[in-house]
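Asks: A single structure is presented below for examination.
Any read-out appearing in this document is the output of simple, stated calculations on the displayed coordinates, not a laboratory observation. In this text the structure is predicted, and so the values were computed from the model without any measurement. Counting neighbours? That spans all protein chains shown, and the Cβs are built from the backbone with ideal geometry, glycine included.
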Amino acid sequence: MTDRLDDDADDVTRRATGLIHHPYQPPTAFAAPMAGVFKASTVYFENTAAMRSSRWIDKSAYTYGLHGTPTTFLLEERLATLEGGTHALLVPSGLAAITLVDIALLKAGDHVLLPDNGYGPGTRFARDDLARWGITMGLYDAMDPASLAAAITPATRLVWTEAPGSVTLEFPDLPALVRTVREHAPQAKVALDNTWGAGLAFDAFAGAGVDLTIHALTKYPSGGGDVLMGSVVYRDAGLHAKLAWARARLGLGVGVNDVEAILRSLPSMPLRYAAQDAAGRGFAQWCLGRAEFKRVLHPALPDSPGHAHWKALCRAAAGLVTVEFDERYTAAQVDAFVDALQRFKIGWSWGGPVSLAVPYQAAEMRSLPTPYTGTLVRFCLGLEALDDLTADVEQALAALSR
């Protein structure tokens, strides 16, 4: 009886071997609207010579799942084309893209410059983490190229730009900022946070002349508010070696199911971007008629800071609008307004189907003097009907007088 049980156990094990090493391979010629999803940590090699000679860095072969699969390579190539670059790398978030650029391009003794109206977490990383590694930072007024020129030092190796500014949406003269760096710090690279532009609003490389872009794919490329991912795009082969190997050493990988989600959403991004652009412009115009708002910030508005720069460079605008409340309203009253919104949800990020609203205090966000004295609220327009959104804001404004 024991011998029979042992034979049965051996037969079960052999069945497992047969399942794992089954000889059937499906035909490779399969065409469909969506590309296949390839998941792997281990990647097989035909022989040891192939294992030793395979290179992932130029996308000529696969070596390990962390370094790329057909699915991740495909998204990287499409993103490079979208933004006008020749190389792209995927990372777990937009912030990871910023920190990868910092880590790959800077060393102890170097100096990095950031716009004072830039993305807060990127500034905090430079201030709190790069500083511990002997890398100094400085801030400049993005609306004044002379401020950038004055902030450059002989040690400056990286200059960050952002168009428009985070939350307050001032649109800088990007070509002028790039020219300033080329003149005063030819040794430095210029990086652009291109999340707002999404590769659609303007040409970051041919139009603005930057060296590399980062993009929070979490926003418009995802479009669903359910994926975290970022990218770095550039044209220079020397940059590729630095950035790609730094990503490999840091072990920054992305989930292939998330890549699949972005590949699925990417073809509709121009349509969604155009819809949210139209909604943002319509919403901004409506806000101009409200006495509660001291200022309405949107690059397409003639009175918004940097409108002329936006008009000269851009063909579109994202669905973001920021309003500055009149000083007669306290921060607590503005919070009550945001709490009273129903269609607009309270939450970070943007680019998804649901409209969002977040209050800010400009003085808490800036180191340089700021003209904003009232409480700010940034609205992120989703895909709801514009009339429903303006009606929601109108009813919530009643909370100001309660």
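Asks: Does anyone have the angle between helix 70-83 and the longest principal axis of the chain? Alpha-carbon axes, 0 to 90°, nearest 10?
Replies: Taking Cα atoms only, the helix is inclined about 30 degrees.
Asks: Looking at the calculated P(r) for the chain, what percent of the C-alpha pair distances fall above 36 Å? Working shown, then result.
Replies: Numbers: 26324 of 80601 pairs.
Cα-Cα pairs of the chain separated by over 36 Å account for 33 percent.
Asks: So, one more: So what J values fall out for the stretch 272-277 if you push phi through Karplus, 6.51 cos²θ - 1.76 cosθ + 1.60 with θ = phi - 60°, rounded to Hz, Gly and Pro as x?
Replies: Karplus values, whole Hz, x for Gly and Pro: 5, 4, 5, 5, 6, 4.
Asks: Around L158, which amide H atoms from residues at least 5 apart in sequence, or from another chain, sit under 5 Å from its own amide H, with H modelled in the peptide plane?
Replies: H111, L113, K189
Asks: How charged is the neighbourhood of D203? Take every other residue with its Cβ under 13 Å from the Cβ of D203, and add Lys/Arg as +1 and Asp/Glu as -1.
Replies: On the way: positive: R235, R315; negative: E83.
Net charge in that neighbourhood comes out at +1.
Asks: Highest first, please rank the peptides 340-350, 303-313, 166-176 by the mean number of other Cβ atoms sitting within 10 Å of their residues. Spell out each step's value before the answer.
Replies: Details: 340-350: 16.1, 303-313: 18.2, 166-176: 22.7.
Taking the mean over residues of other Cβ atoms within 10 Å, the ranking is 166-176, 303-313, 340-350.
Asks: If you fit an axis through the alpha-carbon atoms of helix 386-397 and take the longest principal axis of the Cα set of the chain, what angle between them do you get, 0 to 90°, nearest 10?
Replies: 60 degrees
Asks: Using Cα positions and a limit of under 15 Å, work out the aspartates and glutamates in reach of K39, with same-chain residues fewer than 8 apart set aside.
Replies: Within the straight-line cut-off, K39 pairs with D258, E260.
Asks: Measure out, as a whole number of angstrom, how far apart the alpha-carbon centroids of the stretch 312-379 and the stretch 146-215 sit.
Replies: About 24 Å separates the Cα centre of the stretch 312-379 from the one of the stretch 146-215.
Asks: Also, quick follow-up: Of K219/K311; K59/K311; K189/K345, which pairs sit farther than 32 Å apart, going by alpha carbon to alpha carbon?
Replies: On the way: K219/K311 23 Å; K59/K311 38 Å; K189/K345 38 Å.
Over 32 Å apart, Cα to Cα: K59/K311; K189/K345.
Asks: Would you work out the Kirkwood radius for the stretch 48-267? I mean one over the mean of 1/r across all pairs of different Cα atoms, in Å.
Replies: Values: mean 1/r = 0.0568 Å⁻¹.
Its Kirkwood hydrodynamic radius stands at 17.6 Å.
Asks: How far is helix 256-265 tilted, in degrees, relative to the longest principal axis of the Cα atoms in the chain, given as a value from 0 to 90 rounded to the nearest 10?
Replies: Around 50 degrees separate the two axes.
Asks: Right, something else. Could you work out the helix-only [θ] at 222 nm for the chain, with each DSSP H run of four or more residues adding -39,500 (n - 2.57) and the total divided by the number of residues, to the nearest 500 deg cm²/dmol?
Replies: Numbers: 14 runs with 155 residues, N = 402.
One gets -11500 deg cm²/dmol as the mean residue ellipticity at 222 nm.
Asks: Would you mind classifying the stretch 269-401 by shape? Square roots of the alpha carbon gyration tensor eigenvalues, ordered a ≥ b ≥ c; an a/c under 1.5 is rounded, otherwise it is prolate if a/b is larger than b/c and oblate if not.
Replies: Numbers: a/c = 1.68, a/b = 1.15, b/c = 1.47.
Oblate, because a/c is 1.5 or more while a/b does not exceed b/c.
Asks: If I histogram all Cα-Cα distances within the stretch 130-175 using bins 10 Å wide from 0, what percent of pairs lands in each bin?
Replies: 24, 49, 25, 2
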